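Step one of this worksheet: look at the structure below.
The values are calculated or read from the model by the stated rules, or taken from the named source; none is laboratory data. Please read all numbers here as calculations on a predicted model, not as lab measurements. Counting neighbours? That spans all protein chains shown, and the Cβs are built from the backbone with ideal geometry, glycine included.
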Amino acid sequence: MKRRKIIGIIFVVAALLKIADLCGFVNLDWIWQQPWTSFLAPLFFLFIGVELIISSYTNSHDQWLQRPVPINEEGKRICCTARYGGDEYIFHGEPFKGARLDAFCGGIRMDLREAVITEDEEIDIRTFLGGVELFVPKTVNVEVKSRSFVGGVGNEAVRTSQKDSPCLHIVASNFFGGVSIKE
């Protein structure tokens, strides 16, 4: 059994015991009068916090649901939304005509490295307690405009020296979230 399940079971049992205590079915006051509980509770919460932080850095492909590239009828701007989970969109030679990406308590990974980008396009990104990971081709320039509150945009894309190369204009609004742009 995974640690995450065990921690979840402990939380469910603790919540049910607390509800039973509040309803008067059991009396749990004696637990909090024991000297060991003053050390056990902070250590338990410290363990949970460290576990959640470490598990958030795992780069498992199982956490991303691979979705088909959403192209609307006109072949123009697409909209992708992730709520409480992660979605991955990979372009394999399809034309890219701009996008709006919304991540609410979740994440979006969009891979444009093989997308066909022939002219300047805009990507409007909005995050709330979430993030967007964007992979761009080396043949495009990237310009970023950002408004962030406790978050930000990391742009690792290198500017190309070709004068006629298209530009991706990224407009990001982050609230406790972030955007990572990579090649």
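Among the residues of segment 130-174, those identified as over 17 Å from Arg77 (Cα atoms), more than 15 Å from the chain's Cα centre (by Cα) and not in a loop (DSSP other than H, G, I, E, B) are Asn141, Val142, Glu143, Val144, Lys145, Ser146, Arg147, Ser148, Phe149, Asn155.
Residue check: is Glu133 under 16 Å from Ile181 (Cβ atoms), modelled with pLDDT of 90 or more and in contact with a strand residue (DSSP E or B) (Cβ under 7 Å, 6 or more places away or on another chain)? Considered against the rule, which asks whether it is under 16 Å from Ile181 (Cβ atoms), modelled with pLDDT of 90 or more and in contact with a strand residue (DSSP E or B) (Cβ under 7 Å, 6 or more places away or on another chain), Glu133 comes out as yes.
All of Glu114, Glu122 fail the test of being in contact with a Phe, Trp or Tyr (Cβ under 8 Å, 6 or more places away or on another chain) and surrounded by fewer than 20 Cβ atoms within 10 Å (Cβ to Cβ), apart from Glu114.
Here's the yes/no breakdown for (1) on the phi > 0 side of the Ramachandran plot; (2) surrounded by fewer than 18 Cβ atoms within 10 Å (Cβ to Cβ); (3) modelled with pLDDT of 90 or more:
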site	(1), (2), (3)
His61	no, yes, no
Trp64	no, no, no
Lys76	no, yes, no
Thr81	no, yes, no
Lys97	no, no, no
Asp102	no, no, yes
Gly107	no, no, yes
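Among the criteria (1) closer than 30 Å to Glu121 by Cα; (2) modelled with pLDDT of 75 or more, the one Pro70 does not fulfil is (2).
Can you pull out every residue in segment 84-129 that is assigned to a loop (DSSP other than H, G, I, E, B) and of a type in the set (Lys, Arg)? Talk me through it step by step, then tell me what you get.
At the first step, the residues of segment 84-129 found to be assigned to a loop (DSSP other than H, G, I, E, B) are 84-85, 96-98, 105-106, 117-120, 129.
Selection gives Lys97 alone.
Residues in segment 133-183 that are in contact (Cβ under 8 Å) with a residue 40 or more places away in the chain and basic (Lys, Arg) were compared, and the one that is surrounded by the most Cβ atoms within 10 Å (Cβ to Cβ) is Lys182.
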